[in-house]
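The values are calculated or read from the model by the stated rules, or taken from the named source; none is laboratory data. Computed from a predicted structure; not experimentally measured. Glycine also receives a Cβ, built like all others from the backbone with ideal geometry; neighbour counts cover every protein chain displayed. Areas reflect the complete protein model, heavy atoms only, side chains present, ligands, DNA and RNA absent. Shrake-Rupley method; radii C 1.70, N 1.55, O 1.52, S 1.80 Å.
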Amino acid sequence: MDLIRTADELRRAAAAERERYGTIALVPTMGALHAGHDALILRAREEARSVLVSIFVNPAQFAAGEDLATYPRDEGRDLERCERLGVDAVWAPPIDEVYPPGVTLPEPDPGPVGETFEGAARPGHFRGVLKVVHRLFDLTGPCHAAFGEKDAQQLFLVRRMVDELALPVSVVSCPTVREPDGLACSSRNARLSAEERDQAGCLFLALSEAAALARAGESGAARLVAAMTREVGATPLARLEYAAIVADDTFEAIDDLVGDDRARAIVAARFPSARLIDNLPLPTA
Ligand code: AMP
């Protein structure tokens, strides 16, 4: 497995692998790899013989006062994990290789969807996400790129950027990988105290209740949201930030589940040691 640090090396390595195998697959991550990242790497492998993982904690997507300084980092462990999974190359750059001083990189506009839910809670977050993803796509060149449904709003916005800018990238996605109690795997879970960890399953419980109601024929989003709010509200250490039902094709909140239109329940809650997000596609009745 190659370990790449510079942007120039990355361009050269990606071009060489594409030349050799016809295509490559990219898995962008912020490291502290877990089973969710493993699933993306395996999904990427289905698309291309050559898999490239990037590991970069992107300061541009952290708002002031967020956990950039304390975000979990363990490069040694991440590299071993990638090696074990048969990753071909890892790009783990210093910040100047991603954002070269004095260079103005494109900053695709996340638009109004970038201001809602995660974007409302974390001002500038999606601007920072699209900036780094665009930079990665530019350095890597035409490729497949794998993203997790865990970050559904991010996945939506990356797909839209690819469409709007006609980038030569095929985006593939992976369902959320969960712990046995339903908690979505996340690098930030490591920060939860034992007591918080015990209660963190409430996000998945809330989403599952919404899904069960929808499956039973409930089509009013307000009632699904009320059930989610109750579940998280009954969890002593969780403070609900938002719960909503959004349409998959617009990521806008909807009032009613209509026919076969795909919809998704989304939720965010703050625990004393970490802020957690999750979502679940809703079954059509
Ligand atoms: P991160 O390192 O948290 O920025 O995540 C890198 C990629 O892994 C993103 O595309 C995430 O959506 C995806 N991801 C994170 N957690 C999970 C999970 N539990 N299941 C599936 N994908 C995930």
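Overview of values
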read-out	value
Flag for V132 being open to solvent by less than 10 Å² (accessible area, probe 1.4 Å) and modelled with pLDDT of 95 or more	no
Any chance E149 is touching a helix residue (DSSP H, G or I) at 6+ places or on another chain (Cβ under 8 Å) and either away from the ligand (no atom under 12 Å from the Cβ) or within 26 Å of E46 (Cα to Cα) (or both)	yes
